[in-house]
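My structure is below; once you've seen it, I'll send some questions.
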Amino acid sequence: MHFTKKSVTVYLISGPLGVGKSTVSKTLASAINQCVLIEGDLLLHVYRGETEPPWEERLRLAWLNIAAVTRNFLLNELDVVIDFVVEDELQWFLDQLTDFDVTLYYVVLHAEPDTLTTRLHQRGDVQYIHRSLFLRNKLMASPVNEPYLLDTDSKKPNELAEEIIKNSRFRIQG
């Protein structure tokens with residue numbers, strides 16, 4: 001008996017803090033039939049107790065776990081939406097999936113600095129404003145990210161999710 005494997009898709013949603021990654025990722029995941037949502041921050045903030053590894057080690061382990069969990073879901077023919085900041089890890093992550101027949105969409109959400117500052121103030125995360133603005137500038141200046149930038153300032157989460165699904169410019173050509 002011959003089984004046809006389902007085509008699977010991974011949506012990797014990046015962007016600075018306060019840009020709407022979580023909201024857009026949840027909206028996107030809800031719009032896809034049989035999909036899982038991996039919230040990278042949950043894998044980054046798993047440590048308990050008095051000490052935790054240094055930032056670089058926590059980030060490295062978070063990415064290893066994101067890749068492993070993604071692979072497990074792909075093996076079970078489920079589409080995956082990943083909500084996590086991608087700084088320099090895109091090629092590494094792609095390399096982790098080379099043995100899968102997967103369609104990968106990559107989106108870097110961005111917003112104006114005033115929008116990010118306002119959103120972080122509203123949610124009580126004022127301490128992250130400097131980091132958010134740093135990440136915004138870094139992500140937007142990266143030539144790798146340029147084709148995948150999506151402005152969140154003037155669109156609602158459902159409009160952004162629809163654009164991500166329908167616009168082939170977010171598809172990474174393998």
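Among the residues of region 121-149, how many are buried (at least 21 other Cβ atoms within 10 Å of the Cβ) and among the hydrophobic types (A, V, I, L, M, F, W, C)?
2
Taking the criterion of being of a type in the set (Asp, Glu), at negative phi, crowded, with 17+ Cβ neighbours inside 10 Å and at pLDDT 95 or above, would at least one residue in region 87-105 satisfy it?
Within region 87-105, one or more residues are of a type in the set (Asp, Glu), at negative phi, crowded, with 17+ Cβ neighbours inside 10 Å and at pLDDT 95 or above.
Continuing with this model, one more query. Pro16 passes all but one of (1) touching a residue at least 60 places away in the same chain (Cβ under 8 Å); (2) outside any strand (DSSP E or B); (3) out of contact with any Ser or Thr (no Cβ under 8 Å at 6 or more places or on another chain); which number fails?
Result: Pro16 fails condition (3) only.
Could you tell me whether Arg58 is surrounded by 13 or more Cβ atoms within 10 Å (Cβ to Cβ), in contact with an Asp or Glu (Cβ under 7 Å, 6 or more places away or on another chain) and outside any strand (DSSP E or B)?
Against the criterion (surrounded by 13 or more Cβ atoms within 10 Å (Cβ to Cβ), in contact with an Asp or Glu (Cβ under 7 Å, 6 or more places away or on another chain) and outside any strand (DSSP E or B)), Arg58 qualifies.
Name every residue in region 150-174 that is touching a residue at least 24 places away in the same chain (Cβ under 8 Å), open to solvent by less than 90 Å² (accessible area, probe 1.4 Å) and of a type in the set (Asp, Glu), in order of residue number.
Within region 150-174, Asp151, Asp153 qualify.
While we're here: Scan the helices (runs of 4 or more DSSP H) fully inside region 77-174 and keep the ones with 3 or more residues being of a type in the set (S, T, N, Q).
Helices (runs of 4 or more DSSP H) meeting the threshold: 113-122.
Can you tell me which residue is nearest to Glu163 (Cα to Cα) among those in region 23-55 that are surrounded by fewer than 17 Cβ atoms within 10 Å (Cβ to Cβ) and among the small types (Gly, Ala, Ser)?
Filtering first and then ranking leaves Ala31.
The values are calculated or read from the model by the stated rules, or taken from the named source; none is laboratory data. Just so it is clear, the structure is predicted and the values come from calculations on it, not from any experiment. We place every Cβ from the backbone using ideal geometry, glycine too, and count neighbours over all the protein chains shown. What goes into the accessible areas is simple: the full protein's heavy atoms, side chains included, and nothing from ligands, DNA or RNA. Shrake-Rupley method; radii C 1.70, N 1.55, O 1.52, S 1.80 Å.
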